[in-house]
Every structure is written in structure tokens, then in C-alpha cells.
Amino acid sequence: MSATTTTNPPEQSPQRAAFELKGSLFTLTIFYLQSSDLAVITQHLRDKIAQAPGFFCHAPVVIDLNDLHDPVDFTALVALLRQYQLIPVGIRHGSEAQSTAALAAGLPLLPKQRAVKRPDTAPEPQAPEKPLRKYTRTRVYSKPVRSGQQLYAPDGDLIIIGTVSGGAEVLAAGHVHVYGSLRGRALAGVHGDNHARIFCSSLEAELVSVAGNYRILEKPSDIAKLHQPVQIYLESERLMIRPLT
Amino acid sequence: MARVIVVTSGKGGVGKTTTSASFAAGLALRDFKTVVIDFDVGLRNLDLIMGCERRVVYDFVNVINGEANLNQALIKDKRLSNLYILPASQTRDKEALTHEGVEIVIEELKKRFDYIICDSPAGIEHGAHIAMYFADDALVTTNPEVSSVRDSDRILGLIASRSRRAINNEEPVQELLVLTRYDSERVERGDMLALDDVLEILGIPLLGVIPESQTVLLASNEGVPVILNERSDAGHAYADMVARYLGEERPHRFLTHRKNFLRRMFGG
Ligand SMILES: Nc1ncnc2c1ncn2[C@@H]1O[C@H](COP(=O)(O)OP(=O)(O)OP(=O)(O)O)[C@@H](O)[C@H]1O
Ligand SMILES: [Mg+2]
């Protein structure tokens with residue numbers, strides 16, 4: 001190889017910048033870490049994946065350290081989570097030592113939540129200023145929901161007049177109604193409402209979930225219900241699938 | 001008023017370019033001034049199938065960059081006087097197709113042509129997006145198998161949400177199914193999805209069913225759109241499809257394999 005090589009400048013289009021920066025808001029899954037023991041975490045992840053393979057399929061998560069004061073090996077933790085198809089994007093509520101270690105492992109620090117509340121602790125009693133059940137808007141969608149689309153009703157019910165294709169996902173804080181075939185995933189009560197239900201004209205879904213209790217439909221007893229109008233609801237933590245007629 | 005028609009699929013290798021060439025030639029045969037644009041920058045193919053690869057001097061990217069004007073880049077088909085080809089560049093990448101640049105070219109073509117056919121690249125990225133963005137009609141090209149149908153469904157979602165008509169809240173893009181490489185024998189054996197299965201999943205109107213046919217490969221090797229081969233069943237299916245697009249009623253042939261059987265018997 002000769003000592004003098006000529007290199008051509010890379011091709012450029014002069015009128016276009018290479019990138020743009022914009023702020024945006026996202027809803028992310030929070031991973032409340034309660035143990036720094038990787039073996040314990042692994043076991044737990046395994047159980048979850050066994051219940052629903054692919055459920056967390058490359059979901060970005062934020063590691064919350066509010067409940068954990070031990071030091072954490074973040075490099076190992078990141079590798080572990082990625083192995084189980086969770087992608088950590090940052091941490092929050094870490095102690096000073098935890099935050100330093102996280103930064104060193106390449107995990108950014110996300111801002112603290114104002115009132116730190118665990119999801120399963122009872123809500124603090126509040127003065128009943130507003131009526132208990134406030135009016136929420138139902139989202140009505142009257143086109144097919146195609147593969148790769150996600151439809152979300154963040155504070156009410158979701159009504160879809162059309163089919164939900166395989167590979168599509170519909171989510172609601174309240175009920176999900178599908179007046180068509182449900183072939184993709186449907187998640188009702190995504191903020192934890194146990195009374196939320198899923199209704200559909202023909203059940204062919206990949207996954208259904210009410211308040212985080214999910215089920216993939218592959219068992220023979222589930223498949224017997226396929227192609228039928230059904231409702232899906234929780235009965236003492238068990239997900240029930242019942243014909244509508 | 002000119003219409004812009006995208007031929008798209010999501011999945012690769014399903015027959016978009018074959019369909020673009022024959023559909024464009026079919027419209028030109030019906031005396032419409034037609035241009036077919038190759039959006040597959042970097043993997044240009046359309047010029048081969050149209051048999052004009054030796055006449056490409058300037059291309060779509062040159063026009064967008066102002067290095068050539070449309071008259072220099074448009075290639076007149078040697079068989080059909082109403083048909084023009086705007087070839088893709090083989091040496092650039094898809095990012096060279098800017099929204100503004102493509103818009104200017106399409107608006108200019110609309111003044112000169114009745115139909116503008118856009119042969120989309122595979123995938124759901126920039127190249128496929130820009131090809132469908134300006135469309136009035138979409139020919140969703142699908143093979144009778146699960147992965148192709150899933151990808152077509154995905155593309156339909158993008159057309160419904162990210163095309164210019166969707167973004168401007170105009171009347172939606174007209175979506176039409178073109179089921180290609182339909183092998184009725186394999187469908188009857190259950191190896192491939194039947195037409196009804198595909199229609200149920202995609203839920204859009206059927207424009208045509210194109211049978212699997214050896215004549216397609218022969219036609220593309222010769223650089224002649226298969227619709228111009230009068231002895232080809234695929235060619236006949238494309239001719240029916242053009243007629244239906246123009247509002248004529250044509251029964252769907254090629255759905256059962258009795259015909260294949262006869263053809264094999266008599267070597268047609
Ligand atoms: N009806 C048919 N019968 C038999 N072969 C076909 C048929 N239609 C297309 N083919 C063959 O399938 C292959 C792919 O076709 P074509 O290039 O048109 O697909 P495409 O969707 O444009 O591909 P790409 O995604 O790479 O652009 C070619 O070899 C072509 O000859
Ligand atoms: Mg092609």
C-alpha cells in the first residue's frame with residue numbers, strides 16, 4: 001500500500017441537514033427493580049416470558065430504583081434485559097451511587113416523578129372535589145386497523161368498526177369493542193381497570209389482555225372459541241373468554 | 001385530470017415491476033398517454049422489463065437535481081407511441097428522491113400525461129413512502145401467501161395514514177388488490193392461500209388475479225411487457241385488469257386449474 005492515497009470527499013447533498021432535533025413525549029414501561037440479584041431477576045423474566053413469549057418484544061423500559069438501595073451492576077443488567085427483549089433507555093429515582101454507576105454504563109438519568117407512588121400501593125384518599133367517575137371520551141375508529149398500526153384510547157373506551165389485522169394492536173384505558181374480526185392484539189384496562197372488557201364479532205386474536213392479565217390464544221380450549229363473537233373479562237384475576245350469545 | 005397510480009406491496013419480488021410495465025403498456029394500448037416511473041433507485045429494473053436499458057442517458061434523480069430536464073430523461077417506448085418511461089438512477093440511493101423534487105416532477109408530468117404509474121421499491125421505508133405519497137390509486141400487489149398478505153396489510157395502513165390524500169384529509173386513495181403469481185393448482189392443494197382468504201384479510205376490492213406463468217419470465221428476458229404477448233395467460237389477465245380499471249366488466253378467469261390442465265394437454 002502506498003503512503004499517499006487520495007480520498008474523495010463523501011457525496012453530499014448540500015441543501016439537506018444531516019439531522020434535526022425535536023422534543024417529543026412518550027409513554028414508556030417502567031421496570032420497578034426490587035432486587036439487585038441477577039439470578040432472581042432472570043428467574044422472574046423467564047416466568048414472564050413463559051406466560052407470553054414475545055409480549056415485551058423490544059419494548060423500551062425505564063429502570064426505576066425507588067425500591068432498591070443496593071448497588072446494581074448496570075452493565076450486566078442491561079445485557080440481561082436485552083437478552084429478554086427489553087431495551088433499557090435510562091434510569092430514575094437512583095441514589096447518587098446508583099446514578100453514577102448507571103451513567104458509567106451508558107444509561108441516562110431521567111427526571112424524578114413528582115409524587116413517587118408505587119403502582120400497587122393503595123391510592124391516597126382524596127377530597128371528593130370532582131365526581132368519582134368523570135366523563136371520558138370514547139374513541140371511535142371506523143376504518144380497518146392494519147398490521148403495524150397501533151390505536152390507543154388513553155382515557156376511555158375504544159370502538160373499532162372494522163377488522164383489527166394480525167400484527168396490529170389496539171389498547172384502551174376502558175373497554176375495547178371490535179365490530180369486525182379481531183386478529184391482532186387487544187388490551188383493555190391498560191391503566192389497571194379490572195372491570196374493563198373486550199368485545200369482538202369474531203375472535204381470532206394473537207393476544208388479549210385485561211388490566212395486565214394477558215393470554216395468547218394457542219390452547220385447544222381457546223381455539224374452540226375462535227371465529228366466534230365473544231367477550232373477554234376478568235373474574236377474580238382470571239381472564240374469561242365467553243361467547244356473546 | 002391525470003391520475004397517479006402507485007404499484008406497491010411491502011414485500012419484495014411479488015411482481016410490482018411486472019405489473020407496472022404491463023399496466024402502463026395496457027393503458028397506452030387504450031390510447032391514453034401514459035408514463036411509468038421507476039422509484040427503485042439503486043436497483044433499477046423497469047428499464048430492463050420495458051426493454052429500454054440501452055437508451056437510458058438521464059434519470060429521475062438527474063431531473064430532481066436539475067441536471068437534466070424531463071424531455072431529456074423521458075424515454076419513448078419503441079412499440080407504443082403513447083408510452084414513456086422515466087428510469088431510476090442505478091448509482092444513487094433512495095434518499096436522493098426528496099419530497100419537493102418528486103412533487104415538482106409529478107406535477108409537471110400531470111400536465112402532459114393521462115396516467116402516471118409509480119413502480120415502488122419493496123419495503124416500508126423512504127423509497128416506498130415517497131412512491132405512494134402522491135398517489136390517487138394504489139395497486140396493492142400481493143402473492144397468495146401469508147407473509148405477502150401481511151406486508152400488503154402493512155402498506156395499506158401506511159397508505160391510509162401517510163399518503164398526501166390522508167394527510168390533507170382528502171378523499172382517500174383508492175386501494176385495489178392485484179393478486180399475482182396465483183397458482184390455482186397449489187391453491188387447490190392448500191399450499192397457497194385462496195383468493196377468498198386474501199380478500200377476507202385485506203378487505204379491499206379485487207382488480208385482477210394474474211396466474212403464475214412461465215411467459216412472464218420469458219417476456220422480461222426479451223424486454224417486452226407480458227401484456228403484449230397475445231399467447232400468454234398472464235398477459236390476458238393484465239389486459240382484463242386494465243379493462244376493469246377503466247370501468248369495464250370482465251369475469252375473473254384463471255381461478256381454477258381446469259384451464260391449466262387443458263393448456264398442458266394442448267401445449268398452449
Ligand atoms: N405472474 C407471474 N408468473 C411467474 N413469474 C412471475 C409473475 N410475476 C412476476 N414473476 C417473476 O417474479 C420475479 C419478481 O418480479 P418483479 O421484479 O416484477 O417483482 P417486484 O415486486 O418488482 O420485485 P422488487 O421488490 O425486487 O422490486 C421475476 O422473476 C418475475 O419474472
Ligand atoms: Mg421491482
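Return only the number of the condition from (1) under 17 Å from the mean Cα position of the chain (by Cα); (2) surrounded by fewer than 24 Cβ atoms within 10 Å (Cβ to Cβ) that B:R79 does not satisfy. All conditions pass for B:R79, except number (1).
Each row is one residue, and each column tells you yes or no for (1) basic (K, R); (2) touching a Phe, Trp or Tyr at 6+ places or on another chain (Cβ under 9 Å).
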site: A:L171; (1), (2): no, yes
site: A:S181; (1), (2): no, no
site: A:R185; (1), (2): yes, yes
site: A:C200; (1), (2): no, yes
site: A:S221; (1), (2): no, no
site: A:L226; (1), (2): no, no
site: A:I232; (1), (2): no, yes
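Pairing each residue of the stretch B:111-130 that is in a helix (DSSP H, G or I) with any residue that is surrounded by fewer than 22 Cβ atoms within 10 Å (Cβ to Cβ) and modelled with pLDDT of 95 or more, provided the two are 6+ apart or on different chains, yields C-beta distances under 6 Å for B:I130/B:V102. In summary, A:P144 fulfils each of the numbered conditions (1) closer than 24 Å to A:T29 by Cα; (2) open to solvent by 20 Å² or more (accessible area, probe 1.4 Å) with the single exception of condition (1).
Scanning the stretch A:175-185 for residues that are within 16 Å of A:Y233 (Cβ to Cβ) and either aliphatic (A, V, I, L, M) or open to solvent by less than 10 Å² (accessible area, probe 1.4 Å) (or both) turns up A:V176, A:V178, A:L182. Could we say that B:E103 is in a helix (DSSP H, G or I) and either under 19 Å from B:A24 (Cβ atoms) or without any contact (Cβ under 8 Å) to a residue 12 or more places away in the chain (or both) here? When the stated conditions are applied, B:E103 does not pass them. The single condition among (1) open to solvent by 20 Å² or more (accessible area, probe 1.4 Å); (2) modelled with pLDDT of 95 or more that B:I210 does not meet is (1). If you take the residues of the stretch B:40-63 that are buried (at least 21 other Cβ atoms within 10 Å of the Cβ) and within 14 Å of another protein chain (Cβ to nearest Cβ), which of them is farthest from ligand 1 (Cβ to nearest atom)? Filtering the stretch B:40-63 for residues that are buried (at least 21 other Cβ atoms within 10 Å of the Cβ) and within 14 Å of another protein chain (Cβ to nearest Cβ), the one farthest from ligand 1 (Cβ to nearest atom) comes out as B:V61. Here B:V7, B:V14, B:V36 are screened, and the one residue that is assigned to a loop (DSSP other than H, G, I, E, B), within 13 Å of ligand 1 (Cβ to nearest atom), under 25 Å from B:L218 (Cα atoms) and open to solvent by less than 10 Å² (accessible area, probe 1.4 Å) is B:V14. Screening the candidates B:E171, B:E95, B:E125, B:E100 for the property of being open to solvent by 70 Å² or more (accessible area, probe 1.4 Å), within 16 Å of ligand 2 (Cβ to nearest atom) and not hydrophobic (A, V, I, L, M, F, W, C) yields one hit, B:E125. Within the stretch A:145-203, the set of residues being within 14 Å of another protein chain (Cβ to nearest Cβ), small (G, A, S) and either more than 22 Å from A:T245 (Cα to Cα) or in a loop (DSSP other than H, G, I, E, B) (or both) comprises A:S147, A:G148, A:G162, A:S165, A:G166, A:G167, A:A168, A:G184.
Of the helices (runs of 4 or more DSSP H) lying entirely inside the stretch B:138-257, those carrying at least 3 residues that are closer than 22 Å to B:A24 by Cα and either within 14 Å of chain A (Cβ to nearest Cβ) or within 12 Å of ligand 1 (Cβ to nearest atom) (or both) are B:146-162, B:214-222, B:233-245. The residue that is farthest from the other protein chains (Cβ to nearest Cβ), among those in the stretch A:205-221 that are outside any strand (DSSP E or B) and open to solvent by 40 Å² or more (accessible area, probe 1.4 Å), is A:G212. Total residues in the stretch A:186-204 satisfying the condition of being over 22 Å from A:I161 (Cβ atoms) and open to solvent by 70 Å² or more (accessible area, probe 1.4 Å): the figure is 3.
Residue-by-condition table, conditions (1) surrounded by fewer than 19 Cβ atoms within 10 Å (Cβ to Cβ); (2) within 16 Å of ligand 1 (Cβ to nearest atom); (3) more than 24 Å from B:N229 (Cα to Cα):
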{"position": "B:N71", "(1), (2), (3)": "yes, no, yes"}
{"position": "B:L83", "(1), (2), (3)": "no, no, no"}
{"position": "B:A88", "(1), (2), (3)": "no, yes, yes"}
{"position": "B:V105", "(1), (2), (3)": "no, no, yes"}
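Taken together, B:S20, B:S89 contain a single residue that is within 16 Å of ligand 2 (Cβ to nearest atom) and within 14 Å of chain A (Cβ to nearest Cβ), which is B:S89. Could you grab the pairs with beta carbons closer than 7 Å, sequence gap of 6+ or different chains, first residue in the stretch A:184-208 and among the basic types (K, R), second one in a strand (DSSP E or B) and open to solvent by 10 Å² or more (accessible area, probe 1.4 Å)? Every condition considered, the pairs that remain are A:R185/A:E169; A:R197/A:Q231; A:R197/A:Y233. Does the stretch B:18-29 contain any residue that is more than 12 Å from ligand 1 (Cβ to nearest atom), open to solvent by 20 Å² or more (accessible area, probe 1.4 Å) and more than 26 Å from B:L156 (Cα to Cα)? Yes.
The values are calculated or read from the model by the stated rules, or taken from the named source; none is laboratory data. As the structure is a computational prediction, the values presented were derived from the model and not from experiment. Counting neighbours? That spans all protein chains shown, and the Cβs are built from the backbone with ideal geometry, glycine included. Heads up: the accessible areas ignore ligands, DNA and RNA and are worked out on the full protein's heavy atoms, side chains in. Shrake-Rupley method; radii C 1.70, N 1.55, O 1.52, S 1.80 Å.
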